[in-house]
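Q: Let me begin by handing over the structure; questions about it come next.
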Amino acid sequence: MQLTGAEIVIRCLQEEKVEHVFGYPGGSVLFIYDEFFKQDQIKHILVRHEQAAVHAADAYSRSSNKIGVCLVTSGPGVTNAVTGIATAYMDSIPMVVLTGQVPTQYIGQDAFQEADTVGITRPCVKHNFLVKDVKDLAVTIKKAFYLAKTGRPGPVLVDIPKDITAQKCDFHYPKTVSMRSYNPVVKGHTGQIKKAVQLLLEAKRPMIYTGGGVILSDAADKLTKLTRQLGYPITQTLMGLGAYPATDKQFLGMLGMHGTYEANMAMQECDVLLAVGARFDDRVIGNPDHFARNPRKIIHVDIDPSSISKRVRVDVPIVGNVPDVLDEILKQIEATDGKPEAKPLAAWWKQIEEWRSINCLKYKMGKDVIQPQYVIEKLYEVTGGDAFVTSDVGQHQMFAAQYYKFDKPRRWINSGGLGTMGFGLPAAMGVRFANPKAQIACVTGEASIQMCIQELSTCKQFRLPVKIINLNNGYLGMVRQWQQMFHGNRYAESYVDALPDFVKLAEAYGHVGIKVEKPADVEPALREAFVKHKNELVFLDFIINPEANVFPMVAAGKGLSEMILAEDL
Amino acid sequence: MRHIISILIENEAGALSRVSGLFSARGYNIESLTVAPTEDPSLSRMTIVSVGSEDIIEQITKQLNKLIDIVKVVDLSESAHVERELMLVKVRATGKDREEMKRVADIFRGHIVDVTESSYVIELTGNTSKLDSFLKAIDTSLILETVRTGVCGIGRGDRILKV
């Protein structure tokens, strides 16, 4: 049977078992929207700005192992989506972005709402396609889903000119697709794994460091098993939180620029480092030359060869899919019957406990002013540690990462690589569609939330009971912190004047708003939001200490062990 | 160090810009880049000359391999190879220069492929340094125009880059 291009798009999405598409209509995608109208298998979520459609699809992927899909129109639809696409790309999130394009014969003629979508998005997608023949449409969409989720995942974009969506051809959706130019490695090299196991068992001061790759490949269980079997300390990057239970003794907390003292010190001082699905980026190891001063053997497991030996020279590179490699490591450890030597390991743990005992995350809490850390601690208590937490970017993001103890993977949803303000609220929407019964908190600040505030309207339309935890300090907090520390207290443009009344704003959108100004009211307000208003969106506006800072801190360009600790320590 | 990177890439619209975009986005250097379809019209072969430390060249080959359209990547400079570049030089050829220019072209095994009353176009093939030497050997004030293809290369003997 012959189908139009628009019908083919819908059929392909159905074949891929897509349940939700986040999008915004426009001229070039009208035929596709017409087909949405005629079916009810796939639900379309109308956002209020294309950036939000992409963030929502992205978080849909992050919080489940399904693939988020979004659909936007040509020109401004695409340019608005670019921030979202780049956000997903930096964090290797599988996602399929469908974009409308002006009709084939108009391409290159500066047509109305024309933009060079493939050109604009090329540096921030895993791959993109322009469909020039309706006969290629189905196989191209198949390739997009295949590319998005295999190998190192990432967003894949399919640009579809309007005339293609109207033309007809026979529909056949391929079951599988193979590309001679794309063959991602899965199994790790057995010989390399053998070397790694030997190094791990001989280690005197071992350390495990893992990142987003463990979450993305659903390898948390295997990582936990391996870590427990070895009895080694473990730390995680901002993107890796939740892969190992944060409440466990072996977990040293997050590492990096705002990592814990014990995690950063152990990372610097270890003699064997097992890095899994992480990429030694600048926010994680600080200055690579300083990091290299301490001799250590590094084993690096990653699916992307280009992440290995990029910033730090590695001794045992293992290219492969994380769960497969961890399986093989476990198997080989069990086969050798080897155990790490107990004495040096005990001494190493003693050292780590000394570092841990300085309690680097302690903060002073009075009766008058709300400290942001306290809000996150109470949020953790009230939600039983079981919420999905999305965040924007800045101090509140770091406080959430430091004080909310994630025991499960895919619960902590934030823009780690690109650092996109405005991510949190649309991300919370995506989480809700992927996890319809979940408790969801969007930890944000008064500056970030305003970057996608219009999505309060989407939340109303779809009855999304997100709890917005607005840590309101009146400043672009992280900018102000850097200005205080590195720019002589000159707070250039970091004070946000003329803030809206967030309670009234929430009410205007049809939601519940609560303003909280006293420490004693923090917990009751959270309970009111999560219990009394369980099924409603609640905007909690916490007026917090305007000059609270995030500590510990490794200043940009400094070494990991050169941390600045809270002033009052 | 100077490296010659050979690439087999799907012959599709935009493939070249994926490669050039990668180099500019990551701040890698391109000295020359040549590209043309192979005997299999679905594939193009590209030769890139780049200069960088071993670490950078390793990253370049890894990043190139990551591009979905790229089928194979080889660093030719790792072992024995042949490299060639084609140059066309238009020179003023009048009076006594006319004979001298012909003589120098012969020494470099060049061919004169266009002749007018006052000019020659000389075609020269060789590695980069041979072409440079030719330009040094002639009177630079006589050079009217030059165009070079950039380097293309191939491995010697059993070293074959094929799908």
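Q: Within the bounds of segment B:139-148, is there any residue that is in contact with a strand residue (DSSP E or B) (Cβ under 6 Å, 6 or more places away or on another chain) and under 30 Å from A:Arg122 (Cα atoms)?
A: yes
Q: Related question: Out of A:Phe486, A:Phe542, which single residue is crowded, with 18+ Cβ neighbours inside 10 Å and in contact (Cβ under 8 Å) with a residue 24 or more places away in the chain?
A: Result: A:Phe542 is the single residue among A:Phe486, A:Phe542 that is crowded, with 18+ Cβ neighbours inside 10 Å and in contact (Cβ under 8 Å) with a residue 24 or more places away in the chain.
Q: So which strands (runs of 3 or more DSSP E) stay within segment B:66-147 end to end and still have 3 or more residues that are out of contact with any Lys or Arg (no Cβ under 7 Å at 6 or more places or on another chain) and over 30 Å from A:Ser178 (Cβ atoms)?
A: Filter on segment B:66-147 gives B:81-92, B:111-115, B:119-126.
Q: I'm trying to understand the selection: among the residues of segment B:2-25, which are in a loop (DSSP other than H, G, I, E, B) and at pLDDT 95 or above?
A: B:Asn11 - this is the single residue of segment B:2-25 that is in a loop (DSSP other than H, G, I, E, B) and at pLDDT 95 or above.
Q: Please find, within segment A:84-107, the residue that is farthest from the other protein chains (Cβ to nearest Cβ) out of those that are hydroxyl-bearing (Ser, Thr, Tyr) and farther than 16 Å from A:Ser74 by Cβ.
A: Residue satisfying both the conditions and the ranking: A:Thr87.
Q: Only one of (1) surrounded by fewer than 24 Cβ atoms within 10 Å (Cβ to Cβ); (2) more than 14 Å from chain B (Cβ to nearest Cβ); (3) touching a helix residue (DSSP H, G or I) at 6+ places or on another chain (Cβ under 6 Å) fails for A:Gly191. Which number is that?
A: (3)
Q: Working only within segment A:195-218, note down all residues that are more than 19 Å from A:Ile308 (Cα to Cα) and out of contact with any strand residue (DSSP E or B) (no Cβ under 6 Å at 6 or more places or on another chain).
A: Result: A:Gln198, A:Leu201, A:Glu202, A:Lys204, A:Arg205, A:Asp218.
Q: Tally the residues that are free of Cβ contacts under 8 Å to residues at least 12 places away in the same chain and facing another protein chain (nearest Cβ under 8 Å), restricting the search to segment B:15-26.
A: Going through segment B:15-26 one residue at a time, the tally reaches 3.
Q: Can you find a residue in segment A:123-133 that is more than 12 Å from every other protein chain (Cβ to nearest Cβ) and closer than 18 Å to A:Asp91 by Cα?
A: There is no residue in segment A:123-133 that is more than 12 Å from every other protein chain (Cβ to nearest Cβ) and closer than 18 Å to A:Asp91 by Cα.
Q: Just checking, which of A:Asp133, A:Asp110 is within 18 Å of A:Val177 (Cβ to Cβ) and out of contact with any Phe, Trp or Tyr (no Cβ under 7 Å at 6 or more places or on another chain)?
A: None of the others qualify; the one that does is A:Asp133.
Q: Moving on to the next point. Which of the residues belonging to segment A:158-182 are within 14 Å of another protein chain (Cβ to nearest Cβ) and either under 19 Å from the mean Cα position of the chain (by Cα) or of a type in the set (Ser, Thr, Tyr) (or both)?
A: Passing the criteria: A:Ser178, A:Ser181, A:Tyr182.
Q: On the given criteria, is A:Gln198 free of Cβ contacts under 8 Å to residues at least 12 places away in the same chain and farther than 20 Å from A:Asn359 by Cα?
A: For A:Gln198, the condition - free of Cβ contacts under 8 Å to residues at least 12 places away in the same chain and farther than 20 Å from A:Asn359 by Cα - is met.
Q: On the given criteria, is B:Leu43 more than 25 Å from A:Asp133 (Cβ to Cβ), within 12 Å of chain A (Cβ to nearest Cβ), touching a residue at least 40 places away in the same chain (Cβ under 8 Å) and surrounded by 18 or more Cβ atoms within 10 Å (Cβ to Cβ)?
A: So B:Leu43 does not fit the description; no.
Q: Does segment B:49-62 contain any residue that is at pLDDT 95 or above, in a helix (DSSP H, G or I), within 19 Å of B:Ile160 (Cβ to Cβ) and within 11 Å of chain A (Cβ to nearest Cβ)?
A: yes
Q: Looking for something in a loop (DSSP other than H, G, I, E, B), of a type in the set (Lys, Arg) and farther than 16 Å from A:Lys149 by Cα - is there at least one such residue anywhere in segment A:41-54?
A: Within segment A:41-54, one or more residues are in a loop (DSSP other than H, G, I, E, B), of a type in the set (Lys, Arg) and farther than 16 Å from A:Lys149 by Cα.
Q: Restricting to segment B:16-32, name every residue that is surrounded by fewer than 19 Cβ atoms within 10 Å (Cβ to Cβ) and either under 23 Å from B:Glu85 (Cα atoms) or touching a strand residue (DSSP E or B) at 6+ places or on another chain (Cβ under 9 Å) (or both).
A: B:Leu16, B:Ser17, B:Ser20, B:Phe23, B:Tyr28, B:Asn29, B:Ile30, B:Glu31, B:Ser32 - these are the residues of segment B:16-32 that are surrounded by fewer than 19 Cβ atoms within 10 Å (Cβ to Cβ) and either under 23 Å from B:Glu85 (Cα atoms) or touching a strand residue (DSSP E or B) at 6+ places or on another chain (Cβ under 9 Å) (or both).
Q: Please give the number of the condition A:Arg293 fails out of (1) among the basic types (Lys, Arg); (2) buried (at least 22 other Cβ atoms within 10 Å of the Cβ); (3) more than 14 Å from chain B (Cβ to nearest Cβ).
A: (2)
Q: For segment A:108-118: of the residues being surrounded by 14 or more Cβ atoms within 10 Å (Cβ to Cβ) and closer than 16 Å to B:Ser17 by Cβ, which is nearest to the other protein chains (Cβ to nearest Cβ)?
A: A:Val118
Q: OK, next. Within segment A:202-250, which residues are among the β-branched types (Val, Ile, Thr) and touching a helix residue (DSSP H, G or I) at 6+ places or on another chain (Cβ under 7 Å)?
A: Within segment A:202-250, A:Ile208, A:Thr210, A:Val214, A:Ile215, A:Ile234, A:Thr235, A:Thr237 qualify.
Q: Can I ask one more? Quick check on my filter: what residues within segment A:332-386 are among the acidic types (Asp, Glu), assigned to a helix (DSSP H, G or I) and over 12 Å from A:Val522 (Cβ atoms)?
A: Of everything in segment A:332-386, those that are among the acidic types (Asp, Glu), assigned to a helix (DSSP H, G or I) and over 12 Å from A:Val522 (Cβ atoms) turn out to be A:Glu334, A:Glu353, A:Glu354.
Q: Here is a follow-up. How many of the residues making up segment A:55-112 are closer than 16 Å to A:Val9 by Cβ and at pLDDT below 95?
A: The total comes to 0.
Q: List pairs: first in segment A:171-191 and among the β-branched types (Val, Ile, Thr), second in a loop (DSSP other than H, G, I, E, B) and surrounded by 11 or more Cβ atoms within 10 Å (Cβ to Cβ), Cβ under 6 Å, 6+ apart or cross-chain?
A: Pairs that qualify, where the first residue is among the β-branched types (Val, Ile, Thr) and the partner is in a loop (DSSP other than H, G, I, E, B) and surrounded by 11 or more Cβ atoms within 10 Å (Cβ to Cβ), are A:Val185/A:Gly320; A:Val186/A:Asn321.
Q: Mind checking which residues of segment A:397-436 are of a type in the set (A, V, I, L, M, F, W, C), in contact with a Leu (Cβ under 7 Å, 6 or more places away or on another chain) and either at positive phi or assigned to a loop (DSSP other than H, G, I, E, B) (or both)?
A: A:Phe406
Q: Output the residues belonging to segment A:276-311 that are aliphatic (A, V, I, L, M) and assigned to a loop (DSSP other than H, G, I, E, B).
A: A:Ala278, A:Ile303, A:Ile308
The values are calculated or read from the model by the stated rules, or taken from the named source; none is laboratory data. Quick caveat, the model's predicted, so the values are computed rather than measured. Neighbour counts are summed over all protein chains in view; Cβ atoms, including those assigned to glycine, are modelled from backbone coordinates with ideal geometry.
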